[in-house]
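This report refers to the structure that appears directly beneath it.
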Amino acid sequence: MDPKYQQLLTTLRTAFPQPVSDPVHDSYVVFSILRALDQVDAMKSQAPILGQPQSPDYAAAMASRLDMNSRPLEDVVRELVRYLEGMFIWGHPRSQLNVTPVPSVASVIGVLLPALFNPNMCSDESALKFSEAEARVVAMAADLVGYDPAESGGVFTFGGTGTLLYGVKIGLEKACPGALQSGLCGDAVVLASTSGHYANYTVAAWLGLGQDRVISVPADDANAIDLAALESKAREALAGGRKIAAIVATMGSTDAFGIDDLSAICEMRDRLVDEFKLPYRIHVHADAVIGWAWSVFNDYDYAANELEFRGRTVRALAAAQHLIRHLGQADSIGIDFHKTGYVPYVSSLVLFRRREDLDLITRRRDTMPYLFQSGEHHPGMFTLETSRSATGPMSALASLLLLGREGLRVLLGHAVEMSEVLREMIEAQPRMSVMNRDNVGPVTLFRVYPKDVDTFKVKQREQHDKAYRERLLAHNELNRQIYERVHAEALAGSGVAISLTDCYRRTDYGEPINALKSYVLSPFADEGRMRSVLTHVLAAAGSGD
Ligand SMILES: *Cc1c(COP(=O)(O)O)cnc(C)c1O
């Protein structure tokens, strides 16, 4: 008889995909996936979540220990599926929570294939044709946003935060040559707007600049960077002998879809570089992790409007694209396919207008003895990560191939159309106000006010009048309570799950202004559901005073 371990090994072998063709075992693998999906399906209802609302039980989690014995796959599947209980269904027409898409079937297969065969995208030595897939998405995305694919370059990384890290790191290397080798020299800053993402601070902290070196520039009423303020802060920094590692243009802000005037920022940068006779060109990074996708409208004929969007929608799409079309002027661009590309987390791409910029962060070959013995394409020579998954590029490629420009136009156009429908309904309500009125994406920020409030004047008073502070805080509280009621109803299966942002912007006197938030990305959203947002919010507001 075989030794004991051999007997156990024989059983364990069935738990792996078979290395040589074995159709019977293949059906076992597929059937196991099917069983998991079947169990998940049983959790679906009219509510935008799976099963019942659940909070994580961390006490139970902490009591868990590794068992001595192996378990059958069927048991493990059942156990794993439990973790989906209470999970949001982002694609549900009753789900308008955040900038989280439902991944397309193609993009899920894009995750599955590399998961089965496990390429390491550190080098084409270990990833082979998967590296070609990454190069292909880089070229497609570069062309889409207005870079020349022959001159630009890019790499997938660990999230929008990662794309920003690459952009600022390379900008820093330009401002402080040799920082990669010898560490920081002098005092370098990052400029970004108050509507920008907090990832600007994360990146400054992790690069050793420190969060205090992020110079925060005010945003205007459209949540775009105030250009005059940007220029004066940049001048102040340069005049004080500081270096500028990067100016970050936010191209689609997280809460309000504010879009900075990138073209004006680049023009100003050129002037400052000349005037201060800088020995480096200040790096402009476009944080377009959300806005990139609007590039698909770059060659849309709005007059012909062949997709037959409503007038309001066409105006909104054109207004966004008018600013997004300048992306090609940025030195680097962050793109999240897992936000507006209908792809699962994590799928983020950072692009550089000039591929040579990546040489600035390339390590010496002799520091990596066990790698790059063969093959010709080694992103691992400059990437922050050593092990790199192919799920990001493969799922992005899948979605781009599946959707094409037209598919993305349809999905984004529909999201914007639904958001415009909601805006129109809100504008007709005396007690409600759209907060990001000048923004044109799929997100609507709005507030409900007590009956006695004049919603024509209240926004200005809240923003500027310090004497109004108590009322502002009371309005924040009212909207928080409305959110809690509407959210609880939605999870129970009636109405729509929207979210709350605690601070969509700050008042002049420093208080946060909160807002109810509807973020539409689902292909399954429809006008009836948009109306139901309004009905439920108004009911939750009660006759209120
Ligand atoms: C989401 C977001 C980020 C961070 O991206 P992750 O993919 O979540 O790391 C950065 N900037 C903006 C504008 C974002 O919306």
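Overview of values
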| item | result |
| --- | --- |
| Selection count where residues are touching a strand residue (DSSP E or B) at 6+ places or on another chain (Cβ under 7 Å) and either exposed (fewer than 15 other Cβ atoms within 10 Å of the Cβ) or in the same structural domain as ALA398 (by TED's automatic domain parsing) (or both), scope the range 368-381 | 0 |
| Residue selected from the range 180-204 under the condition within 10 Å of the ligand (Cβ to nearest atom) and part of a loop (DSSP other than H, G, I, E, B), by the criterion farthest from ASP255 (Cα to Cα) | TYR198 |
| Checking GLU173 against (1) more than 16 Å from the ligand (Cβ to nearest atom); (2) more than 30 Å from VAL343 (Cα to Cα); (3) surrounded by 22 or more Cβ atoms within 10 Å (Cβ to Cβ), the condition it does not meet | (3) |
| Any chance SER347 is of a type in the set (Gly, Ala, Ser), within 15 Å of the ligand (Cβ to nearest atom) and closer than 26 Å to VAL102 by Cα | yes |
| Answer residue from the range 61-102, given it is more than 28 Å from LEU408 (Cβ to Cβ) and of a type in the set (Val, Ile, Thr) and is surrounded by the fewest Cβ atoms within 10 Å (Cβ to Cβ) among those | VAL76 |
| Selected residue (criterion: nearest to the ligand (Cβ to nearest atom)) from residues of the range 103-125 that are open to solvent by 40 Å² or more (accessible area, probe 1.4 Å) and assigned to a loop (DSSP other than H, G, I, E, B) | PRO103 |
| Of all residues in the range 357-390 being without any contact (Cβ under 8 Å) to a residue 40 or more places away in the chain and among the acidic types (Asp, Glu), the one that is farthest from PRO101 (Cα to Cα) | ASP366 |
| Residue match in the range 291-299 (condition: open to solvent by 10 Å² or more (accessible area, probe 1.4 Å), within 16 Å of the ligand (Cβ to nearest atom) and in contact (Cβ under 8 Å) with a residue 60 or more places away in the chain) | no |
| One residue from LEU422, LEU473, LEU411, LEU445 being more than 23 Å from GLY528 (Cα to Cα) and aliphatic (A, V, I, L, M) | LEU473 |
| Scope the range 242-275; condition closer than 25 Å to GLY210 by Cβ, more than 15 Å from the ligand (Cβ to nearest atom) and assigned to a loop (DSSP other than H, G, I, E, B); matching residues | ARG242 |
| Single condition GLY407 does not satisfy, out of (1) open to solvent by 20 Å² or more (accessible area, probe 1.4 Å); (2) farther than 21 Å from SER152 by Cα | (1) |
| Residue in the range 148-162 that is nearest to the ligand (Cβ to nearest atom), counting only those that are assigned to a loop (DSSP other than H, G, I, E, B) and open to solvent by 10 Å² or more (accessible area, probe 1.4 Å) | PHE158 |
| Unique residue being within 16 Å of the ligand (Cβ to nearest atom) and open to solvent by 10 Å² or more (accessible area, probe 1.4 Å) when the list is LEU128, LEU165, LEU144 | LEU165 |
| Close pairs (8 angstrom Cβ cut-off, 6 or more residues apart or separate chains): on the phi > 0 side of the Ramachandran plot in the range 42-58, small (Gly, Ala, Ser) anywhere | GLY51/GLY86 |
| Leading residue by the ranking (nearest to the ligand (Cβ to nearest atom)) among those in the range 314-336 that are among the small types (Gly, Ala, Ser) and either in contact (Cβ under 8 Å) with a residue 40 or more places away in the chain or not in a helix (DSSP H, G or I) (or both) | GLY334 |
| The range 39-60, residues that are assigned to a loop (DSSP other than H, G, I, E, B) and open to solvent by less than 80 Å² (accessible area, probe 1.4 Å) | MET43, SER45, ALA47, PRO48, LEU50, GLY51, PRO53 |
| Residues located in the range 483-531, provided they are without any contact (Cβ under 8 Å) to a residue 60 or more places away in the chain, part of a helix (DSSP H, G or I) and open to solvent by 10 Å² or more (accessible area, probe 1.4 Å) | TYR483, GLU484, ARG485, HIS487, ALA488, GLU489, GLY528 |
| Failed condition for LEU491, given (1) within 28 Å of ALA47 (Cα to Cα); (2) hydrophobic (A, V, I, L, M, F, W, C); (3) within 23 Å of the chain's Cα centre (by Cα) | (3) |
| Residue that is farthest from GLU74 (Cα to Cα), among those in the range 19-32 that are open to solvent by 80 Å² or more (accessible area, probe 1.4 Å) and in a helix (DSSP H, G or I) | PRO23 |
| Among the residues listed as ARG365, ARG354, the single one being away from the ligand (no atom under 16 Å from the Cβ), modelled with pLDDT of 75 or more and open to solvent by 30 Å² or more (accessible area, probe 1.4 Å) | ARG354 |
| Contacts under 8 angstrom Cβ, first residue in the range 231-247 being assigned by TED's automatic domain parsing to the domain that holds ARG269, partner at pLDDT below 95 and not acidic (Asp, Glu), 6 or more apart | GLY241/GLY186; ARG242/GLY186; LYS243/GLY186 |
| Answer from PRO101, PRO93, PRO114, PRO119 - the residue that is under 19 Å from the mean Cα position of the chain (by Cα) and not basic (Lys, Arg) | PRO101 |
| Residues of the range 63-94 classified as touching a Leu at 6+ places or on another chain (Cβ under 9 Å) and of a type in the set (Ser, Thr, Tyr), total | 1 |
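Yes/no matrix, rows are residues, columns are (1) closer than 19 Å to TYR483 by Cα; (2) assigned to a helix (DSSP H, G or I); (3) not hydroxyl-bearing (Ser, Thr, Tyr):
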| position | (1), (2), (3) |
| --- | --- |
| PRO393 | no, yes, yes |
| LEU401 | no, yes, yes |
| ARG409 | no, yes, yes |
| GLU417 | no, yes, yes |
| VAL421 | no, yes, yes |
| GLN429 | yes, no, yes |
| PHE456 | no, no, yes |
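The values are calculated or read from the model by the stated rules, or taken from the named source; none is laboratory data. Source: prediction; values computed, not measured. Cβ coordinates were reconstructed from backbone atoms using ideal geometry, including for glycine residues, and neighbour counts include every protein chain displayed. Heavy atoms of the whole protein, side chains included, go into the accessibility calculation; ligands, DNA and RNA do not. Shrake-Rupley method; radii C 1.70, N 1.55, O 1.52, S 1.80 Å.
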